[in-house]
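Q: One structure, as structure tokens, below. Some questions next.
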Amino acid sequence: MSVEPIILSTNRPGAVQAAAPSDTHPASSNDGSACLCGHDDADNVVLDSRAIPHAIRHATIFGALSAIQPGFALDLVASHNPLPLLAQLESRRPGDFTVAYLENGPENWTVRLTRTN
């Protein structure tokens, strides 16, 4: 099976013309953030893992953690004590996050993962 690129014509029905790049709103900034859209980055981001399908839960959490800048935190809400995830995190990224339990069961656990470097 060969793979061929798909080229979409801008002349097709329903096509939208792409806006020209703007010098006043660059796609990225010099500090490494994704955009300059004017939104405020919260010190803490809350990720409720209970709503994420089990098959992709850890991958989703690791993806979110990779976006956290040093000094910022992710509050992870889970339906169980996330000890297996914390062990994986320490194995993959030793010393990169501090862990603080904000809620310790029995129904829900909330763990603050703060990026240290």
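The values are calculated or read from the model by the stated rules, or taken from the named source; none is laboratory data. These numbers were taken from a predicted model, which means no experiment stands behind them. Heads up, the Cβs are rebuilt from the backbone with ideal geometry, glycines too, and the neighbour counts pull from every protein chain shown.
Q: Which members of region 97-111 meet the condition of being out of contact with any helix residue (DSSP H, G or I) (no Cβ under 8 Å at 6 or more places or on another chain) and crowded, with 17+ Cβ neighbours inside 10 Å?
A: Matches in region 97-111: 109, 110.
Q: Based on what the data block shows, is residue 49 modelled with pLDDT of 95 or more and crowded, with 16+ Cβ neighbours inside 10 Å?
A: Answer is yes for this residue.
Q: Report the residue count in region 75-84 for those that are surrounded by 17 or more Cβ atoms within 10 Å (Cβ to Cβ) and in contact with a Phe, Trp or Tyr (Cβ under 9 Å, 6 or more places away or on another chain).
A: 4
Q: Is it true that residue 61 is in contact (Cβ under 8 Å) with a residue 24 or more places away in the chain, among the aliphatic types (A, V, I, L, M) and more than 12 Å from residue 49 (Cα to Cα)?
A: Judged against the criteria, residue 61 is not a match.
Q: Here is a further query. Determine whether region 78-87 contains at least one residue that is within 19 Å of the chain's Cα centre (by Cα) and under 13 Å from residue 45 (Cβ atoms).
A: Among the residues of region 78-87, not one is within 19 Å of the chain's Cα centre (by Cα) and under 13 Å from residue 45 (Cβ atoms), which makes the answer no.
Q: For region 33-46: of the residues being closer than 21 Å to residue 101 by Cα and surrounded by 11 or more Cβ atoms within 10 Å (Cβ to Cβ), which is modelled with the lowest pLDDT?
A: 44
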